[in-house]
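Following: one structure in structure tokens, then a few remarks.
The values are calculated or read from the model by the stated rules, or taken from the named source; none is laboratory data. The structure displayed is predicted, hence computed values, not measured ones. Cβ coordinates were reconstructed from backbone atoms using ideal geometry, including for glycine residues, and neighbour counts include every protein chain displayed. We work out accessible area using only protein heavy atoms, side chains counted, and drop any ligands, DNA or RNA first. Shrake-Rupley method; radii C 1.70, N 1.55, O 1.52, S 1.80 Å.
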Amino acid sequence: MSEAKLYPVPAEVADYALLNREQYERMYRRSLEEPESFWAEQAEEFLTWFRKWDRVSNNDLSKGQIRWFEGGKLNVSYNCLDRHLEQNGERAALIWEGDEPDQSKTISYRELHAEVCRCANVLKERGVRKGDRVCVYMPMIPEAVVAMLACTRIGAVHSVVFGGFSPSALRDRIQDSDCQVVITSDEGVRGGRTVPLKENVEKALAECPNVHTVLTVRRTGKDVTWVDSRDVWYHEAIQSASAECEPEQMDAEDPLFILYTSGSTGKPKGVLHTTGGYLLQTAMTFKYVFDYHDGEIYWCTADVGWVTGHSYIVYGPLANGATSLVFEGVPTYPDAGRFWQVVDKHKVNIFYTAPTAIRALMGQGEEPVKQYSRQSLRILGTVGEPINPEAWEWYYRVVGDERCRIVDTWWQTETGAIMISALPGAIDLKPGSATLPFFGVEPQLVDNDGNVLEGATDGNLCLTRAWPSMMRTIYGDHERFMNTYLTHYTGKYFTGDGARRDADGYYWITGRVDDVLNISGHRMGTAEVESALVLHDKVAEAAVVGFPHDVKGQGIYCYVTLVKGAEPSEELKKELVDLVRKEIGAIAKPDVIQWAPGLPKTRSGKIMRRILRKVATNELDNLGDTSTLADPSVVDELIENRANR
Ligand code: WTA
């Protein structure tokens with residue numbers, strides 16, 4: 001690979017930024033050499049504790065034991081709200097920008113605090129107690145943030161389910177963590193269309209007998225099904241609730257939330273995060289990675305249904321007393337200039353989005369960007385998937401006018417907070433590289449046998465030591481937690497990603513090395529799509545792989561074997577696409593379905609996905625060894641019938 005272009009930190013940026021290169025290096029070194037005192041200092045600086053911890057860390061990755069700030073007591077909503085009231089009570093905590101460009105509202109810290117307390121009291125009245133799980137299935141409206149913070153106020157564990165998930169996906173998640181309360185909205189509104197959230201909840205609850213309360217926010221006023229004993233209107237309940245609610249004193253290791261994410265096998269995993277370490281590291285990364293200066297306006301375009309929304313719309317920004325913009329809509333509604341219109345309207349300084357959005361907008365040309373001044377922008381971030389250098393350059397040149405620093409942030413639902421990223425004033429940029437590790441993060445590249453690889457090389461990306469915002473377990477399945485992350489390479493956390501390290505020590509994430517797809521920055525397990533496909537009674541077997549897609553990063557390619565006697569047809573393809581949408585949601589919609597009379601299997605019956613990936617990607621001259629296949633001729637047949645894309 002040719003030498004990547006370098007964008008050094010300009011001197012004036014280094015001067016203005018919170019950290020310059022030398023400070024970064026000094027802090028980084030300390031974070032590894034004296035982790036206990038380093039993290040203790042950060043925990044003092046960033047958080048307010050009701051009681052100090054007894055022990056900074058108590059970790060043993062080989063046992064899957066991760067504990068930070070044991071014995072310390074704090075409350076997340078107190079840290080995100082109460083402690084800002086005295087100095088900054090009138091500052092905007094949230095700016096809500098609705099789907100239509102003429103809808104927006106600003107909510108001060110004082111107002112948000114009162115609303116969160118009211119909502120917390122409503123939950124209490126409905127019997128929610130510390131440790132109970134509450135499912136949040138909401139559109140991007142301020143009440144989604146209120147619901148999350150209200151849970152943290154009383155020590156309930158939220159499980160936010162992305163509003164684009166289907167009723168069956170919602171049902172599975174409610175059941176898995178035994179949520180007894182669901183907070184939702186009559187409908188969501190996105191890109192001029194409505195999403196029937198309450199109706200979806202209704203369908204999901206047909207098989208969730210333990211749910212005793214559904215709290216519904218009125219967004220559109222649509223008529224919805226109502227069960228008096230179970231259903232509560234948010235606006236009615238809030239009215240009579242007190243705006244004061246003592247924050248529950250939580251232990252640093254008490255569960256904070258569960259967030260489901262896709263793995264390479266089986267059903268989605270409930271990633272469990274706890275209170276102290278998570279809040280510390282999201283607060284700290286927010287401040288340093290986005291170089292947040294007091295009073296700035298910050299906008300992350302993610303949905304609160306994903307970890308990016310949790311950590312960088314809600315917890316990181318609010319813990320810092322920042323103003324966080326919550327956007328209900330989509331990048332291209334009413335037109336492709338929407339992001340930049342919103343940036344100008346609210347004078348956004350820091351903007352954080354996904355490569356897929358950048359690529360989609362790139363396809364619409366420069367005109368919609370150049371219509372707006374974007375003068376307020378200072379920092380541009382990306383997350384969710386590798387950003388190709390072309391998209392990076394476009395972001396830098398067209399959106400940022402070559403004036404803004406770009407932070408390409410690599411992290412995962414499991415890591416809770418950003419792990420590898422540039423810092424605006426400290427780290428020179430290379431388009432396409434997430435650059436260098438954050439404090440306390442020690443990446444390592446290993447080969448498939450676990451040998452540690454040194455210097456400039458490719459490898460499987462591991463993190464060698466536990467960090468405060470690391471997931472603690474998979475809810476209800478610690479063994480799966482161990483097997484997924486900690487036993488591949490004993491004593492290390494395995495990320496599931498491949499990476500390259502260059503001669504400057506920069507990391508270049510090359511993508512997943514397991515069967516997890518990344519569709520428009522959304523994680524999707526191939527097994528989940530396969531399970532949906534085989535529900536059709538004409539489908540005998542299905543194998544799903546990813547293939548490169550210009551806008552989405554990866555697309556979904558399905559090989560489908562029909563049962564004897566079933567005839568392939570365009571009609572049937574459509575049925576299968578609809579089935580996957582119905583089972584999982586629109587994000588899992590297959591891009592390609594290819595009929596496969598046979599799948600390439602080893603003699604022991606294992607599907608050789610490597611070959612399926614090559615066929616989908618059209619890398620036909622490089623199929624590798626096919627001699628171990630039970631029936632090598634199926635490969636020729638697959639190639640011959642390759643779907644045209
Ligand atoms: C991928 C999203 C390259 C990666 C925060 C990871 C990235 C998965 C980047 C986690 C990045 C995320 N560059 N790849 N900057 N950020 N990824 O759990 O494959 O939804 O393992 O968390 O997204 O996705 P998740």
**Message:** Based on this model, can you work out whether residue 62 counts as open to solvent by less than 10 Å² (accessible area, probe 1.4 Å) and either within 15 Å of residue 279 (Cβ to Cβ) or in contact (Cβ under 8 Å) with a residue 12 or more places away in the chain (or both)?
**Reply:** no
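For residue 106, are the conditions met, namely being β-branched (Val, Ile, Thr), modelled with pLDDT of 95 or more and open to solvent by 30 Å² or more (accessible area, probe 1.4 Å)? Even if it seems obvious, please write down each step before you answer.
Working: β-branched (Val, Ile, Thr): yes; modelled with pLDDT of 95 or more: yes; open to solvent by 30 Å² or more (accessible area, probe 1.4 Å): yes.
For residue 106, the condition - β-branched (Val, Ile, Thr), modelled with pLDDT of 95 or more and open to solvent by 30 Å² or more (accessible area, probe 1.4 Å) - is met.
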**Message:** Can you confirm whether residue 607 is over 13 Å from residue 556 (Cα atoms), assigned by the TED database to the domain that holds residue 530 and in contact with a strand residue (DSSP E or B) (Cβ under 9 Å, 6 or more places away or on another chain)?
**Reply:** yes
**Message:** Criterion first (part of a loop (DSSP other than H, G, I, E, B) and either over 23 Å from residue 420 (Cα atoms) or within 16 Å of the ligand (Cβ to nearest atom) (or both)) does residue 227 satisfy it?
**Reply:** yes
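Condition test on residue 514, is it within 12 Å of the ligand (Cβ to nearest atom), at pLDDT below 95 and either in contact with a Cys (Cβ under 8 Å, 6 or more places away or on another chain) or among the acidic types (Asp, Glu) (or both)? Step through it out loud before you land on a result.
Numbers: within 12 Å of the ligand (Cβ to nearest atom): yes; at pLDDT below 95: yes; either in contact with a Cys (Cβ under 8 Å, 6 or more places away or on another chain) or among the acidic types (Asp, Glu) (or both): yes.
It is true that residue 514 is within 12 Å of the ligand (Cβ to nearest atom), at pLDDT below 95 and either in contact with a Cys (Cβ under 8 Å, 6 or more places away or on another chain) or among the acidic types (Asp, Glu) (or both).
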**Filter result (in contact (Cβ under 8 Å) with a residue 24 or more places away in the chain and buried (at least 18 other Cβ atoms within 10 Å of the Cβ)) within the stretch 610-628** = 611, 612, 615, 616
**Which numbered condition residue 190 misses (of (1) within 20 Å of residue 304 (Cβ to Cβ); (2) over 23 Å from the mean Cα position of the chain (by Cα))** = (2)
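Report, by residue number, each residue of the stretch 321-331 that is touching a Phe, Trp or Tyr at 6+ places or on another chain (Cβ under 9 Å) and either open to solvent by 30 Å² or more (accessible area, probe 1.4 Å) or touching a residue at least 60 places away in the same chain (Cβ under 8 Å) (or both). If you could, list the steps in order and put the result at the bottom.
Filtering the stretch 321-331 down to residues touching a Phe, Trp or Tyr at 6+ places or on another chain (Cβ under 9 Å) leaves 321-328, 331.
Result: 321, 323, 324, 325, 326, 327, 328, 331.
Given the structure, is residue 330 within 16 Å of the ligand (Cβ to nearest atom) and either in the same structural domain as residue 147 (by the TED database) or touching a helix residue (DSSP H, G or I) at 6+ places or on another chain (Cβ under 7 Å) (or both)?
No, not satisfied.
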**Message:** Anything in the stretch 411-451 that is in a loop (DSSP other than H, G, I, E, B), within 15 Å of the ligand (Cβ to nearest atom), out of contact with any helix residue (DSSP H, G or I) (no Cβ under 6 Å at 6 or more places or on another chain) and farther than 24 Å from residue 279 by Cα? List them, or say none.
**Reply:** 427, 430, 433
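Here are some residues: 555, 546, 498, 565. Which one is in a strand (DSSP E or B), more than 14 Å from the ligand (Cβ to nearest atom) and either under 22 Å from the mean Cα position of the chain (by Cα) or of a type in the set (Gly, Ala, Ser) (or both)?
Result of the check over 555, 546, 498, 565: 555.
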**Prompt:** Which members of the stretch 295-307 meet the condition of being out of contact with any helix residue (DSSP H, G or I) (no Cβ under 8 Å at 6 or more places or on another chain), open to solvent by 20 Å² or more (accessible area, probe 1.4 Å) and within 12 Å of the ligand (Cβ to nearest atom)?
**Reply:** 306
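Just the residues that are near the ligand (Cβ under 7 Å from one of its atoms) and either touching a Cys at 6+ places or on another chain (Cβ under 7 Å) or not β-branched (Val, Ile, Thr) (or both), please, taken from the stretch 386-405.
386
Consider the stretch 510-519. How many of its residues are over 14 Å from residue 544 (Cβ atoms) and open to solvent by 30 Å² or more (accessible area, probe 1.4 Å)? Give the steps one after another, and end with the answer.
To start, the set of residues in the stretch 510-519 that are over 14 Å from residue 544 (Cβ atoms) comprises 510-511, 513.
Checking which are open to solvent by 30 Å² or more (accessible area, probe 1.4 Å) leaves us with 510, 513.
The total comes to 2.
For the stretch 332-354, enumerate the residues that are open to solvent by 10 Å² or more (accessible area, probe 1.4 Å) and either in contact (Cβ under 8 Å) with a residue 60 or more places away in the chain or of a type in the set (D, E, K, R) (or both).
Of the residues in the stretch 332-354, the ones open to solvent by 10 Å² or more (accessible area, probe 1.4 Å) are 332-336, 341, 344-347, 349, 354.
332, 333, 334, 335, 341, 344, 345, 346, 347, 354 - these are the residues of the stretch 332-354 that are open to solvent by 10 Å² or more (accessible area, probe 1.4 Å) and either in contact (Cβ under 8 Å) with a residue 60 or more places away in the chain or of a type in the set (D, E, K, R) (or both).
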**Message:** Tally up the residues in the stretch 472-490 that are part of a loop (DSSP other than H, G, I, E, B) and either out of contact with any Lys or Arg (no Cβ under 9 Å at 6 or more places or on another chain) or not assigned by the TED database to the domain that holds residue 432 (or both), please.
**Reply:** 5
**Message:** So, restricting to helices (runs of 4 or more DSSP H) that lie completely within the stretch 270-363, which ones have at least 3 residues that are of a type in the set (A, V, I, L, M, F, W, C)?
**Reply:** 275-289, 338-346, 355-362
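On the basis of being more than 30 Å from residue 401 (Cα to Cα), open to solvent by 20 Å² or more (accessible area, probe 1.4 Å) and hydrophobic (A, V, I, L, M, F, W, C), does residue 81 make the cut? Break it down stepwise before answering.
Values: more than 30 Å from residue 401 (Cα to Cα): yes; open to solvent by 20 Å² or more (accessible area, probe 1.4 Å): no; hydrophobic (A, V, I, L, M, F, W, C): yes.
In short, no.
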**Residue count for the stretch 134-154, restricted to those that are in contact with a strand residue (DSSP E or B) (Cβ under 6 Å, 6 or more places away or on another chain) and surrounded by fewer than 24 Cβ atoms within 10 Å (Cβ to Cβ)** = 1
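For residue 408, are the conditions met, namely being assigned to a strand (DSSP E or B), open to solvent by 40 Å² or more (accessible area, probe 1.4 Å), touching a strand residue (DSSP E or B) at 6+ places or on another chain (Cβ under 7 Å) and within 16 Å of the ligand (Cβ to nearest atom)?
Numbers: assigned to a strand (DSSP E or B): yes; open to solvent by 40 Å² or more (accessible area, probe 1.4 Å): no; touching a strand residue (DSSP E or B) at 6+ places or on another chain (Cβ under 7 Å): yes; within 16 Å of the ligand (Cβ to nearest atom): yes.
Here the answer is no, as residue 408 does not meet what is asked.
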**Message:** Here are the criteria: (1) within 16 Å of the ligand (Cβ to nearest atom); (2) of a type outside the set (Ser, Thr, Tyr); (3) touching a Leu at 6+ places or on another chain (Cβ under 9 Å). Tell me which single one residue 354 does not satisfy.
**Reply:** (3)
**Prompt:** Among the numbered criteria (1) outside the structural domain of residue 479 (by the TED database); (2) touching a strand residue (DSSP E or B) at 6+ places or on another chain (Cβ under 8 Å), which single criterion is violated by residue 5?
**Reply:** (2)
**Message:** Quick check on residue 531: is it more than 30 Å from residue 593 (Cβ to Cβ) and among the small types (Gly, Ala, Ser)?
**Reply:** no
**Fill in**
In the set 160, 232, 195, the lone residue that is in contact with a Ser or Thr (Cβ under 7 Å, 6 or more places away or on another chain) and among the aliphatic types (A, V, I, L, M) is 232
**Item:** Failed item in (1) without any contact (Cβ under 8 Å) to a residue 60 or more places away in the chain; (2) open to solvent by less than 40 Å² (accessible area, probe 1.4 Å); (3) not polar (S, T, N, Q), with residue 29 passing the rest
**Value:** (2)
**Request:** Kindly indicate which of 542, 532 is among the small types (Gly, Ala, Ser) and touching a residue at least 24 places away in the same chain (Cβ under 8 Å).
**Result:** 532
